[in-house]
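Peer 1: If you scroll down you'll find the structure; I have some questions about it.
The values are calculated or read from the model by the stated rules, or taken from the named source; none is laboratory data. What you see is a predicted model, and the numbers here were worked out from it, not measured in a lab. These accessible areas exclude ligands, DNA and RNA; they are computed on the full protein's heavy atoms, side chains included. Shrake-Rupley method; radii C 1.70, N 1.55, O 1.52, S 1.80 Å.
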Amino acid sequence: MTDKKTDKSAAFLPIGIGAGLAIGVGLGVALDDIAMGLALGVAIGSGLGVAGMGAAKARKGRQDGGDAAGTGMSRESDAESGSDSGGGSGGGDGGGD
């Protein structure tokens, strides 16, 4: 038989959706709009589940001796690497008079 390595980080998605649905139903009851609460719960729960999966993979990567992203590339700050993020200066109100 082959030895399969299971990816337990995928278990966070249904856990997150369950927790998000509980939060969403609570919001729906409080706001007297269950449909909106369920929709918000699924959205919140999906975000929680994906965040949990990412955290589990990062933890697994650190335990295996790799970096947090698991790509094998080292991270440097922008000042050390001499690169510019290319972002704008920020600010501004979006135009108009």
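Peer 1: If 64, 33 are ordered by their accessible area, calculated over protein heavy atoms with a 1.4 Å probe, which sequence runs from highest to lowest?
Peer 2: Details: 64 115, 33 65 Å².
Result of the area sort, largest leading: 64, 33.
Peer 1: Report the accessible area of residue 53, computed with a 1.4 Å probe over the heavy atoms of all protein chains in place, in Å² rounded to the nearest 10.
Peer 2: Per-residue accessible area (residue 53): approximately 50 Å².
Peer 1: Okay, moving on. What is the extension gain from residue 43 to residue 19, computed as 0.36 nm multiplied by their sequence separation minus the C-alpha to C-alpha distance, in nm to one decimal?
Peer 2: Gain on extension, residue 43 to residue 19, equals 7.6 nm.
Peer 1: Tell me, what HN-Hα J-couplings in whole Hz come from the Karplus equation 6.51 cos²θ - 1.76 cosθ + 1.60 at θ = phi - 60° for each residue of the stretch 30-37, using x for Gly and Pro?
Peer 2: 5, 9, 6, 8, 5, 4, 5, x
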